[in-house]
Amino acid sequence: GNSVTQMEGPVTLSEEAFLTINCTYTATGYPSLFWYVQYPGEGLQLLLKATKADDKGSNKGFEATYRKETTSFHLEKGSVQVSDSAVYFCALHHTGNQFYFGTGTSLTVIP
Amino acid sequence: GAVVSQHPSRVICKSGTSVKIECRSLDFQATTMFWYRQFPKQSLMLMATSNEGSKATYEQGVEKDKFLINHASLTLSTLTVTSAHPEDSSFYICSASPGTAGELFFGEGSRLTVL
């Protein structure tokens, strides 16, 4: 079956620290992979995506590379800011229009 | 990007009453919309897939008579929580895809509090 596993939080970092949030997946075929971000009290917003192996998605300083050999899509940012405090969801989309989400990782960045 | 809007963003109701939440795709047509419930500690649970012009497909364990879903047009899906109880209090989020590149767009969410 299809599933997404992401590292449990919460994660607390100081401003300008390096961020990694791990995400691994199980899927049949070749899914597209996504990172969504949820700011407090809001819905989810697409942060970045990758549609095939070795693609790198990037946005707002965040990056993630679709690694088929390790079935991973880890989210990274070189220098986090207080405004990056949010919950981050890894997701995969497979044919048939169904999305599978990880459980979310809460990030708090302190000044 | 595409916009999905939910209304109301917050609603408080008494136990035993029904509450309707609307989900609209503002700039695209969506034959399929998804309803999620978000529990404390942020876990997202897919409740059902709303299909325009036909019955919704509910996930296992979701009571279809309690969570009524209607997808009457290509831009509107509604979720009605019937005979609400305090345990139904939660954050409900809808989403839809315009069908391009598999991207999913989310509404702002609706916080339901049942007293």
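A few remarks follow.
- Take the Cα of residue B:17, step 7 Å toward its Cβ, do the same at residue A:76, and the gap between the two points is 5.2 nm.
- Chain B and chain A together bury an accessible surface of about 1500 square angstrom, both sides counted, with a 1.4 Å probe and no ligands or nucleic acids included.
- Positive-end extreme of charge dipole, chain A - chosen from A:20, A:72, A:44 (charges on Cβ): A:72
- Remark on chain B: B:13 stand apart, with no other cysteine beta carbon under 4.7 Å.
- For the protein assembly as shown, the share of accessible area belonging to carbon and sulfur comes to 50 percent (1.4 Å probe, ligands and nucleic acids excluded).
- Residue-wise HN-Hα coupling along region A:38-53, computed from phi with Karplus coefficients 6.51, -1.76, 1.60 (Hz; x: Gly, Pro): 10, 7, x, x, 10, x, 8, 10, 5, 9, 6, 8, 9, 9, 8, 4
- Net charge of Cβ neighbours under 14 Å - reference residue A:110; Lys, Arg +1; Asp, Glu -1: -3
- Selection among A:85, A:31, A:62 by position relative to the dipole of chain A gives A:31 as farthest towards the positive end (Cβ unit charges, Cα centre).
- Distance between the 7 Å Cα→Cβ label points at residue A:20 and residue B:43: 2.7 nm.
- Fraction of C-alpha pairs exceeding 20 angstrom in region B:49-115: 33 percent, rounded to a whole number.
- P(r) for the protein assembly as shown, from all Cα pairs and a bin width of 10 Å, is 8, 33, 35, 20, 5, 0 %, short bins first.
- Simple point charges give the picture: +1 on the Cβ of Lys and Arg, -1 on the Cβ of Asp and Glu, and for the protein assembly as shown a dipole about the Cα centre of about 380 debye.
- Separation in nanometres of the label points that stand 7 Å from Cα toward Cβ, at residue B:3 and residue B:111: 2.3
- Nearest-20 debye value, chain B charge dipole, Cβ charges on Lys, Arg, Asp, Glu: 280
- With all protein chains modelled, accessible area of residue A:63 [1.4 Å, Å²]: 80
- As computed over chain A, the Cα convex hull volume per residue (Å³): 91
- Of the residues in region B:73-115, those shielded by at least 40 Å² of accessible area once partner protein chains are present, compared with the chain alone at a 1.4 Å probe, are B:101, B:102, B:103, B:104, B:106.
- Summarising the amide proton neighbourhood of residue B:48: residues at separation of 5 or more, or on other chains, whose placed amide H is nearer than 5 Å comprise B:35, B:59.
- Looking at region B:1-99, the accessible area is 50 square angstrom per residue; that uses a 1.4 Å probe and ignores ligands, DNA and RNA.
- Chain B pair-distance distribution - Cα-Cα, 5 Å bins, rounded %: 2, 13, 24, 26, 20, 10, 4, 1, 0
- Assigned charges on the beta-carbon of Lys, Arg, Asp, Glu; chain A dipole about Cα centre (debye): 320
- When only alpha carbons are used to place a centre, region B:1-68 and region A:32-94 end up 24 Å from one another.
The values are calculated or read from the model by the stated rules, or taken from the named source; none is laboratory data. The model shown is predicted, which means the values in this text are computed figures rather than measured ones. Cβ coordinates were reconstructed from backbone atoms using ideal geometry, including for glycine residues, and neighbour counts include every protein chain displayed. Ligands, DNA and RNA are excluded from the accessible area calculation, which covers all protein heavy atoms including side chains. Shrake-Rupley method; radii C 1.70, N 1.55, O 1.52, S 1.80 Å.
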